[in-house]
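Engineer: The structure's right below; bear with me while I get my questions together.
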Amino acid sequence: MSQPPEPSSPARHGVAQDIDWNDFRDHLATADPQGNRRWLHPKKPSGKWHWRRAWFAFALITVMFAGPWIRIQGNPLLLLNIMERRFSILGRIFWPQDFVIFAVAMLVFITGIIVFTAAFGRLWCGWACPQTVMMEMVFRKIEYLIEGDAHEQRTLDAAPWNARKLFKKLLKQILFLVLSFVVGNTLLAYIIGSERLLATQFDDPRHHLVGLTFMVLFTLLFYAIFARFREQACTFICPYGRFQSAMLDENSLVVAYDHKRGEKRSPLLRNQPPAQRAALGLGDCVACRQCVAVCPTGIDIRNGTQMECVNCTACIDACDAIMDKVGRPRGLVRFASLNNIEHGEPQRFTARMKLYAGILVALIALFLFLVFTRAEVGTTLLRAPGALFQVTADGRIENLYTMKVINKTARDLPIELRLENRSGTVRIMGALPFIVPRDNLAQTSVLIELDPATLAGSGTKLKLGVYSNSKLLETVNTSFVGPRK
Ligand code: SF4
Ligand code: SF4
């Protein structure tokens with residue numbers, strides 16, 4: 001898209017006059033030409049899109065904070081316990097043995113991002129990313145509540161320290177810290193589970209030093225992100241913005257400025273009718289810079305699609321409000337593809353998008369198939385280390401095994417083993433019935449006895465069925481050693 005020069009460098013909306021606003025290619029929007037950080041004070045957004053986002057964010061925040069406390073069949077909605085390698089997704093417990101499902105889930109996630117970005121640009125960033133949602137819908141709102149809108153914040157920042165400023169700044173930082181603690185604890189609950197989180201908070205601290213350390217680290221991390229890094233977390237740290245440019249094409253739907261309609265931009269003169277502007281070759285953009293004033297990443301959408309744009313829609317609302325005031329149709333800044341703006345083409349589902357979407361559907365189908373056909377148990381049966389075979393008094397051959405059973409269900413399972421491809425006896429050692437608690441792992445020894453006549457040689461392949469209440473759950477293979485024939 002074209003980037004015509006701004007006719008003037010207006011000093012309104014707190015924009016410093018000594019900054020050349022057309023040098024956006026030379027430095028980041030949040031840095032001045034000397035490379036110093038330019039602290040942003042985005043104007044309070046309001047409008048149709050903002051309220052849509054606010055309701056969506058409210059739903060997401062509710063789910064995000066309630067998530068660790070929601071149970072499905074007694075299991076957490078989402079648990080990512082990396083240390084103990086226990087995972088719960090939608091109440092289904094996954095173990096490291098389910099790594100194929102994890103690998104497919106990762107492919108679904110990555111392909112989903114590619115498809116989504118190709119079709120809708122960075123919609124994820126502005127609407128669903130927890131960092132943006134919390135920053136713009138919680139932390140920024142608190143800032144507006146305490147310090148006021150952008151110009152009041154700038155005035156407060158520039159004012160000398162006095163009791164009022166100290167009170168406002170202190171109150172804001174304390175609230176930010178408390179909220180960061182809540183966010184940090186929520187993340188911790190997703191990792192260690194809500195019960196352990198409560199234990200870490202209320203038990204003797206000496207028993208939870210690791211948990212407490214992470215609690216402090218997460219709190220400080222989120223405090224740094226929301227109080228200090230802010231938009232820089234999106235532009236410097238998050239890799240997604242960097243690779244979006246490889247996925248967008250001229251049919252991707254992004255927040256865009258309609259330069260064909262807007263240029264040549266020029267301030268609106270008092271009582272200037274649209275016909276007169278058209279006769280002068282002027283477009284609908286009245287160079288008010290409201291779209292820049294509301295931008296939480298400090299960019300000018302009129303410079304075209306940029307890496308920093310998180311598709312938050314604040315500039316759409318700001319520009320629509322201006323268009324209403326000047327009596328021009330809304331949508332000078334809107335969700336549109338480049339082809340829509342350049343050639344008036346409707347949004348198209350391109351062959352590339354169809355291919356990506358096809359792959360995504362296939363991966364989701366594979367993922368669901370794996371999840372719903374997953375065995376209820378995961379059994380390993382290995383011969384006891386160092387043990388060969390024993391010959392019993394009646395001449396039968398015995399092998400000793402170690403059996404580990406993972407119960408992936410939400411109920412305790414009594415387990416029995418049966419030989420499927422040979423006759424013989426299988427004895428589970430220890431207390432019977434051998435019960436594997438729900439979502440847990442149990443280990444025991446197993447003794448298998450075979451008649452020497454049934455052996456195929458020094459190494460005989462065995463197939464065993466793992467049963468619970470006479471229902472076959474899975475089959476496992478192992479080998480049985482005996483004397484050479
Ligand atoms: S808000 Fe609209 S009219 Fe004002 S500068 Fe931005 S694009 Fe132009
Ligand atoms: S350019 Fe518009 S949509 Fe993009 S981040 Fe700025 S305000 Fe949000």
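Engineer: Tell me which residues, restricted to segment 346-392, are free of Cβ contacts under 8 Å to residues at least 24 places away in the same chain, in a loop (DSSP other than H, G, I, E, B) and more than 30 Å from residue 412 (Cα to Cα).
Structural biologist: Residues satisfying the conditions are 346, 386, 387.
Engineer: Also: Collect the residues in segment 276-309 that are modelled with pLDDT of 90 or more, closer than 15 Å to residue 27 by Cα and acidic (Asp, Glu), keeping them in residue-number order.
Structural biologist: Within segment 276-309, just 300 meets the criteria.
Engineer: Separate question: Filter segment 308-341 for residues that are more than 26 Å from residue 236 (Cα to Cα) and in a loop (DSSP other than H, G, I, E, B); which is farthest from ligand 2 (Cβ to nearest atom)?
Structural biologist: 327
Engineer: Anything in segment 69-81 that is under 10 Å from residue 190 (Cα atoms) and modelled with pLDDT under 90? List them, or say none.
Structural biologist: Within segment 69-81, the subset under 10 Å from residue 190 (Cα atoms) is 69, 76-81.
Correct list: 76, 77, 78, 79, 80, 81.
Engineer: Do we find that residue 85 is surrounded by fewer than 16 Cβ atoms within 10 Å (Cβ to Cβ), among the charged types (D, E, K, R), closer than 23 Å to residue 379 by Cβ and assigned by TED's automatic domain parsing to the domain that holds residue 183 in this structure?
Structural biologist: Working: surrounded by fewer than 16 Cβ atoms within 10 Å (Cβ to Cβ): yes; among the charged types (D, E, K, R): yes; closer than 23 Å to residue 379 by Cβ: yes; assigned by TED's automatic domain parsing to the domain that holds residue 183: yes.
Considered against the rule, which asks whether it is surrounded by fewer than 16 Cβ atoms within 10 Å (Cβ to Cβ), among the charged types (D, E, K, R), closer than 23 Å to residue 379 by Cβ and assigned by TED's automatic domain parsing to the domain that holds residue 183, residue 85 comes out as yes.
Engineer: Given the options 146, 101, name the one that is over 30 Å from residue 228 (Cβ atoms) and assigned to a helix (DSSP H, G or I). Walk me through it before giving the result.
Structural biologist: Numbers: 146 fails: over 30 Å from residue 228 (Cβ atoms).
Step by step, each of 146, 101 is checked, and only 101 is over 30 Å from residue 228 (Cβ atoms) and assigned to a helix (DSSP H, G or I).
Engineer: Quick one: residue 403 ticks every box in (1) over 40 Å from the mean Cα position of the chain (by Cα); (2) in a strand (DSSP E or B) bar one, so which box is it?
Structural biologist: (1)
Engineer: Related question: Would you check if residue 245 is surrounded by 19 or more Cβ atoms within 10 Å (Cβ to Cβ) and in contact (Cβ under 8 Å) with a residue 12 or more places away in the chain? Spell out the reasoning first.
Structural biologist: Details: surrounded by 19 or more Cβ atoms within 10 Å (Cβ to Cβ): no; in contact (Cβ under 8 Å) with a residue 12 or more places away in the chain: yes.
No.
Engineer: With (1) under 27 Å from residue 210 (Cα atoms); (2) surrounded by 18 or more Cβ atoms within 10 Å (Cβ to Cβ); (3) in contact (Cβ under 8 Å) with a residue 40 or more places away in the chain as the list, and residue 50 as the residue in question, which single condition is left unmet?
Structural biologist: Going through (1) under 27 Å from residue 210 (Cα atoms); (2) surrounded by 18 or more Cβ atoms within 10 Å (Cβ to Cβ); (3) in contact (Cβ under 8 Å) with a residue 40 or more places away in the chain one by one, residue 50 breaks only (1).
Engineer: Do you know which residues across segment 268-286 are more than 11 Å from ligand 1 (Cβ to nearest atom) and surrounded by 13 or more Cβ atoms within 10 Å (Cβ to Cβ)?
Structural biologist: Taking segment 268-286 as the starting set, the residues that turn out to be more than 11 Å from ligand 1 (Cβ to nearest atom) are 269-282.
Hits for segment 268-286 are 272, 274, 277, 282.
Engineer: Going through 472, 455, 464 one at a time, which residue ends up being exposed (fewer than 14 other Cβ atoms within 10 Å of the Cβ) and in contact with a strand residue (DSSP E or B) (Cβ under 8 Å, 6 or more places away or on another chain)? Please lay out each step first, then the result.
Structural biologist: Values: 455 fails: exposed (fewer than 14 other Cβ atoms within 10 Å of the Cβ); 464 fails: exposed (fewer than 14 other Cβ atoms within 10 Å of the Cβ).
From the options 472, 455, 464, the qualifying one is 472.
Engineer: Please verify whether residue 206 is of a type outside the set (S, T, N, Q) and farther than 26 Å from residue 137 by Cα, treating the condition exactly as stated.
Structural biologist: On the way: of a type outside the set (S, T, N, Q): yes; farther than 26 Å from residue 137 by Cα: yes.
Spelling it out, residue 206 is indeed of a type outside the set (S, T, N, Q) and farther than 26 Å from residue 137 by Cα.
Engineer: Now a separate question. Scan segment 269-283 and tell me whether some residue there is of a type outside the set (Lys, Arg), touching a helix residue (DSSP H, G or I) at 6+ places or on another chain (Cβ under 9 Å), in a loop (DSSP other than H, G, I, E, B) and touching a residue at least 40 places away in the same chain (Cβ under 8 Å).
Structural biologist: No - not one qualifying residue is present in segment 269-283.
The values are calculated or read from the model by the stated rules, or taken from the named source; none is laboratory data. Note that the structure is predicted; figures quoted are calculated from it, not measured. A quick note on method: Cβ atoms are made from the backbone with ideal geometry, for glycine too, and the neighbour counts reach across all protein chains shown.
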